[in-house]
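Student: Can you read through this structure? Questions will come right after.
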Amino acid sequence: MRVLQLIDSLEVGGAERMAVNYANSLMNKIEVSALCTTRAEGDLKNLVQPDIPYLFLNKKHTLDLFAFLRLRRFVKNHNIQIIQAHGSSYFTAVFLKIITPALKVVWHDHYGNSEYLKERNTAFLKPLSRYFDAVISVNDILSRWSNEYLNIEKHIFLKNFIADALPLNHDFNPKGIKGKRLVCVANLRPQKNHTLLLKAFEEVLKKDDEYTLHLFGSKVDLVYSQMILSNLKAPHFNGKVFYYGTHLKLSAVLPYFDIGVLASHSEGLPLALLEYGQAGLAVVATDVGDCAKVLDGCGQVIQPGNIDSLVAAILKYAEEPELRLKYATLLKERINNEYSYQAQVNQLLYLYEHVIH
C-alpha cells in the first residue's frame, strides 16, 4: 500500500500535526508513506521522519499548473495509490485525481468550528466531494454532518491520536509552585478564547496568588496575538503568566505542569487535550467538539464562555487534591488505551483496503 499525506502547510496546528503523525506512524506499516505540503513549510517539518518521501509543492495560487505537474510526477515516481487530503488540501487532491483517475482520495475533515457548521463555507467542498472515495471525521458532529451533507458511502469517525511521549526535558524549569501550575496549549487565535482564560486567571489570583499560568502556542492571528500578549503585562498578573511560543516537543515539558486548561468556544478534537492526559495532568475544558467525550469521568467540563465556572473548576483542584490526582490518573489511562496511534492506524488501514478494492 502506498499513501501520500497531503496538507497545505506545516505550521504548528492540529490538522498539520495529524498529517505528520499519520505519515510517521504509517512508515513501518505500509510500503510507502509519503508527505506533501502544498503552500508552506513550517516548524513541523522538523518532526517528519527522515526516511519519509517528502515534497514541498510551493503552490503559488489555486490553479498553479506547474505545481500540479510537480505533484503528479512525485505521485508517479512513488506509485502512490491513495492521497489522504487533510482539511482544505482536498482541492489539490481532487484536481490531481481528475488528471490521474486511478488515484483514490480520502478526505480528512479536521474542521475546528464544529459548533458552527451552518456557517461553514462549502461552495467548493460539496461539488468536489463527489470525487472523494472516503471521508474521515475527527469527531461525531463532523461525522454526522459529512454523512448527511456529502452523502459519502465510505465514511468513518477516526479519533485524533498523539505520538509516543518524549523523555522528560530536565533542562526545562518553569516558574511557579508545584501543584499550582496551569498550562494552556493553544495557538493564539480567537477560537481558543485566551481572553476568557486570562480573565478567569485574574480571578483565581484574587483567591490564591500562588498560581501561575503558562501559555504555549503560535501567533496565528497577529492582531489577536498582540492583544493577548500585551494583556500579560498588566499589573494584576505581576509576573504570573508566561508565554513560551511554539514548542515542538511538548510531551517532554508538559509533565512539569499540574492542570491543563482549554477555554475554547469551538473545537473538533483538540490534540492539546490528549497531550494533557498523556502528561498526567488534571484537566478543565469547555464542552465543545469532543472534549466532553474525552473527559467523561476523567476531568472537569464547563460551558464555553462561563468565567465563573472556569474559576471554580480550577480552584476545585486545589480544594480537592485527591480529585486532581484521580482525574489525572484516569485520563492518562484513557489516553493510553483509546488515543494511542495503534488503534487508530489499524482502523485507517482497514479503510484504505476498502477504498482500494
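The values are calculated or read from the model by the stated rules, or taken from the named source; none is laboratory data. Keep in mind the model is a prediction, meaning the values are calculated, not measured. Cβ placement follows ideal geometry from the backbone for every residue including glycine, while neighbour counts extend to all protein chains displayed. Keep in mind that these areas ignore ligands, DNA and RNA; they rest on the heavy atoms of the full protein, side chains included. Shrake-Rupley method; radii C 1.70, N 1.55, O 1.52, S 1.80 Å.
Student: Report, by residue number, each residue of the range 168-207 that is in contact with a Gly (Cβ under 9 Å, 6 or more places away or on another chain) and either open to solvent by less than 10 Å² (accessible area, probe 1.4 Å) or among the small types (G, A, S) (or both).
Tutor: The first filter runs over the range 168-207 and keeps only residues in contact with a Gly (Cβ under 9 Å, 6 or more places away or on another chain), leaving 175, 182-189, 191-194, 196.
Within the range 168-207, L182, V183, C184, A186, L188, H194 qualify.
Student: What is the one condition in (1) of a type in the set (A, V, I, L, M); (2) modelled with pLDDT of 95 or more; (3) in a helix (DSSP H, G or I) that A343 does not satisfy?
Tutor: (2)
Student: Now a separate question. For the range 309-333, enumerate the residues that are touching a residue at least 40 places away in the same chain (Cβ under 8 Å), of a type in the set (S, T, Y) and open to solvent by less than 60 Å² (accessible area, probe 1.4 Å).
Tutor: Y317, Y327
Student: Applying the selection to the range 277-299, what residues are in contact with a Pro (Cβ under 9 Å, 6 or more places away or on another chain), modelled with pLDDT of 95 or more and either over 19 Å from L250 (Cβ atoms) or in a loop (DSSP other than H, G, I, E, B) (or both)?
Tutor: Residues satisfying the conditions are A279, G280, L281, T286, D287.
Student: State all residues of the range 223-234 that are more than 16 Å from A186 (Cβ to Cβ), among the hydrophobic types (A, V, I, L, M, F, W, C) and either at pLDDT below 95 or touching a Lys or Arg at 6+ places or on another chain (Cβ under 9 Å) (or both); if no residue qualifies, say none.
Tutor: Within the range 223-234, just A234 meets the criteria.
Student: While we're on this one: Cβ-Cβ below 6 Å, separation at least six or inter-chain, first residue in the range 26-51 and farther than 16 Å from S89 by Cβ, second open to solvent by less than 60 Å² (accessible area, probe 1.4 Å) and among the small types (G, A, S): which pairs?
Tutor: That search, which allows pairs on different chains as well, returns L26/S33; M27/S33; S33/A23.
Student: May I pose another question? Could you pull out the residue among N306, N336 that is polar (S, T, N, Q), over 20 Å from F201 (Cα atoms) and open to solvent by 50 Å² or more (accessible area, probe 1.4 Å)?
Tutor: Values: N306 fails: over 20 Å from F201 (Cα atoms).
Being polar (S, T, N, Q), over 20 Å from F201 (Cα atoms) and open to solvent by 50 Å² or more (accessible area, probe 1.4 Å) holds for just one of N306, N336, which is N336.
Student: All but one of (1) modelled with pLDDT of 95 or more; (2) over 15 Å from T37 (Cα atoms); (3) not in a strand (DSSP E or B) hold for V106; state the number of the condition that does not hold.
Tutor: So the condition that V106 fails would be (3).
Yes or no, residue by residue, for (1) at positive phi; (2) touching a helix residue (DSSP H, G or I) at 6+ places or on another chain (Cβ under 7 Å); (3) in a loop (DSSP other than H, G, I, E, B):
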site: K175; (1), (2), (3): no, no, yes
site: K178; (1), (2), (3): no, no, yes
site: L196; (1), (2), (3): no, yes, no
site: E202; (1), (2), (3): no, no, no
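Student: For the range 116-167: of the residues being aromatic (F, W, Y) and not in a loop (DSSP other than H, G, I, E, B), which is least open to solvent (accessible area, probe 1.4 Å)? Give the steps one after another, and end with the answer.
Tutor: Filtering the range 116-167 for residues aromatic (F, W, Y) gives 116, 124, 131-132, 145, 149, 157, 161.
Now narrow it down to the ones that are not in a loop (DSSP other than H, G, I, E, B): 116, 131, 145, 149, 157.
Working: Y116: 89, Y131: 60, W145: 37, Y149: 77, F157: 61 Å².
Filtering the range 116-167 for residues that are aromatic (F, W, Y) and not in a loop (DSSP other than H, G, I, E, B), the one least open to solvent (accessible area, probe 1.4 Å) comes out as W145.
Student: Contact list please: Cβ distance under 7 Å, first residue in the range 212-237 and free of Cβ contacts under 8 Å to residues at least 40 places away in the same chain and among the polar types (S, T, N, Q), second residue surrounded by 12 or more Cβ atoms within 10 Å (Cβ to Cβ) and assigned to a helix (DSSP H, G or I), pairs at least six apart or on different chains.
Tutor: From the range 212-237, the pairs are N231/L198.
Student: I would also like to ask the following. Name the pairs whose Cβ atoms lie under 7 Å apart, with the first residue in the range 78-106 and farther than 22 Å from N121 by Cα, the second of a type in the set (D, E) and open to solvent by 10 Å² or more (accessible area, probe 1.4 Å), and 6 or more positions between them or separate chains?
Tutor: K104/D133
Student: Hey, can you tell me all the residues within the range 210-263 that are within 25 Å of E322 (Cβ to Cβ), open to solvent by less than 60 Å² (accessible area, probe 1.4 Å) and not hydrophobic (A, V, I, L, M, F, W, C)?
Tutor: Y211, T212, H214, P255, Y256, D258, G260, listed by residue number.
Student: Need the failing condition index for S266 against (1) at pLDDT 95 or above; (2) open to solvent by less than 10 Å² (accessible area, probe 1.4 Å); (3) farther than 18 Å from A165 by Cβ, just the number.
Tutor: Of everything listed in (1) at pLDDT 95 or above; (2) open to solvent by less than 10 Å² (accessible area, probe 1.4 Å); (3) farther than 18 Å from A165 by Cβ, S266 misses just condition (1).
Student: Let me ask something additional. Look through the range 127-176, keep the residues that are over 16 Å from the mean Cα position of the chain (by Cα) and polar (S, T, N, Q), and return whichever of them is nearest to E210 (Cα to Cα).
Tutor: Applying the filter and picking the extreme gives N173.
Student: Show me the strands (runs of 3 or more DSSP E) found entirely inside the range 1-101 where at least 1 residues are closer than 21 Å to L349 by Cα and either in contact with a Ser or Thr (Cβ under 6 Å, 6 or more places away or on another chain) or open to solvent by less than 40 Å² (accessible area, probe 1.4 Å) (or both). Reasoning before the result, please.
Tutor: Details: elements: 2-9, 32-40, 54-56, 82-86.
Result: 2-9, 32-40, 82-86.
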